[in-house]
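Take a look at the structure below.
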Amino acid sequence: MRKEAEDHALARDAYFEQARQANDVGNKVLAHQLIAKGSWHNEQMKDAHTKAAEAIFQQRNPPASRQRHPTLLDLHGLHVNEAILIVKRELAAIKNKYTKSKRKQIFLCVGTGHHSRTGHARLPSAIARYLLEEEHLYFTEARPGMLRIIS
């Protein structure tokens, strides 16, 4: 699914470049048509990334695993924005499910960046910022790449 998204991104970029060239030579009609095609590929790319993110999350957090460890979320393989959306959704579900418990521990496996293209992990800092700024949750680093929230 990531490959499909990449293919749509390449097509989108090509159409937008062709639209720019058509606009530069004054062919507004063709430019408009090419922009529409590029926009379609952009939407297809977003849809493919969304499907890929959900598939990756489900593969990393299968139902059997979620039953044994309902407050452990493995976010490996997700893009930052995808991980934030999933964390938001899953935190809400955990909070709803465990409303009677006064304190609960939630673990987020965010990784350390060993498998990233740049070797620099963006996910841990983005998730940490999200937890603090949006969810107003405090956490510790249980071990490198693992955030522990006590709420």
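The values are calculated or read from the model by the stated rules, or taken from the named source; none is laboratory data. Everything quoted here is computed from the prediction, not taken from an experiment. Using ideal geometry, Cβ is built from the backbone for each residue, glycine included, and neighbour counts are taken over all protein chains shown. Keep in mind that these areas ignore ligands, DNA and RNA; they rest on the heavy atoms of the full protein, side chains included. Shrake-Rupley method; radii C 1.70, N 1.55, O 1.52, S 1.80 Å.
Couplings 3J(HN,Hα) of the stretch 65-70, computed from phi: 5, 5, 6, 6, 10, x Hz, in residue order, whole Hz [Karplus 6.51 cos²θ - 1.76 cosθ + 1.60, θ = phi - 60°; x for Gly and Pro].
Only lysine pairs 8 or more places apart, or on different chains, with alpha-carbon atoms under 18 angstrom apart are counted in the chain, and they number 8.
Largest mean-square fluctuation among 90, 54, 17, in a Gaussian network model of the chain whose springs join Cα atoms under 10 Å apart, belongs to 17.
Could you give the accessible area per residue of the chain, probe 1.4 Å, as a whole number in Å²? Walk me through the intermediate numbers first.
Numbers: 9860 Å² over 151 residues.
Solvent-accessible surface per residue comes out at 65 Å².
For the chain, which whole-number percentage of the solvent-accessible area (1.4 Å probe, protein heavy atoms only) is attributable to carbon and sulfur atoms?
Values: 5350 of 9860 Å².
Answer for the chain: carbon and sulfur cover 54 percent of the accessible area.
Computed over the chain, the range of Cα coordinates on each principal axis works out to 65, 31, 28 Å, biggest value leading. I need to check one value: relative contact order of the chain, counting alpha carbon pairs closer than 8 Å and at least 6 residues apart, in percent. So the answer I get is 18 percent. The distance between label points at residue 6 and residue 32 comes to 3.6 nm (points 7 Å beyond Cα on the Cα→Cβ vector). For a paramagnetic label modelled on residue 104 (point 7 Å from Cα along Cα→Cβ), amide N atoms under 11 Å away belong, within the stretch 30-72, to 70-72.
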